[in-house]
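Taken together, the values in this text are just the output of simple stated rules run on the coordinates, not laboratory data. All values derive from a computational prediction rather than experimental measurement. Cβ sites come from the backbone with ideal geometry, for glycine too, and all protein chains shown count toward neighbours.
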Amino acid sequence: IAEQRKRIAEFELLREQQTQRQIAERKRQLTEENNQQCNTLKRTIGETVSSHLLIAERGAIEIQFSSIESLGREAHELNEAIMGLQSEWTTRMRDEERAQTMLNRDREEYHREVSSAEQLEIEETARAIDLAKRVREQKAT
């Protein structure tokens with residue numbers, strides 16, 4: 001009986017050791033599978049993050065291009081407005097020069113007319129004086 005008990009104890013010990021080895025082996029397998037899944041998950045997360053970063057960078061680049069295009073359009077519109085103002089200013093300056101030229105011509109013509117009128121007045125006065133002298137001379141004779 002003691003021998004059987006000893007064998008049973010040894011058997012149970014062997015079975016316990018076998019169970020412990022199986023548990024250790026299963027634990028090692030599960031740890032390995034877990035590590036592989038973690039690594040796969042890390043790679044997937046890394047790839048996803050990289051993909052999202054690329055998408056975000058592309059979006060930022062598209063936004064920058066959009067902003068640059070928008071600024072380009074605004075600059076073009078401002079340039080057109082400036083050109084329009086320059087054209088308007090040039091037209092106004094030409095109109096101003098024409099008006100000044102016409103004013104100068106009118107002044108010259110006025111001065112000519114005034115001079116002509118003064119000259120006529122002087123000539124008429126001279127004729128009147130001449131006439132008055134002749135009339136006095138005729139009365140005297």
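Quick notes on this structure:
- The phi-based Karplus calculation (6.51 cos²θ - 1.76 cosθ + 1.60; θ = phi - 60°) puts the 3J(HN,Hα) values of the stretch 125-141 at 5, 4, 5, 5, 5, 4, 5, 5, 5, 5, 5, 5, 5, 5, 5, 6, 8 Hz, whole numbers, x for Gly and Pro.
- For a straight C-alpha distance cut-off of 25 angstrom, the lysines reachable from Lys42 (same-chain residues fewer than eight places away being disregarded) are Lys27.
- Panel values: the chain, Kirkwood radius from alpha carbon pairs, Stokes-Einstein at 4 °C and 1.567 mPa s, translational diffusion coefficient 46 µm²/s.
- With the helix formula -39500 (n - 2.57) applied to DSSP H stretches of n ≥ 4, the chain reaches a computed 222 nm mean residue ellipticity of -38000 deg cm²/dmol.
- A straight line joining the Cα centroids of the stretch 72-139 and the stretch 8-40 runs 118 Å.
- Unit charges on C-beta of K, R, D, E only; dipole of the chain, Debye: 1220 debye
- Computed label-point distance, nm, for sites Asn34 and Leu14 using a 7 Å Cα→Cβ extension: 3.2 nm
- DSSP-assigned coil residues among trypsin sites (Lys or Arg not before Pro) in the stretch 104-141, each with at most 14 further Cβ atoms within 10 Å: none
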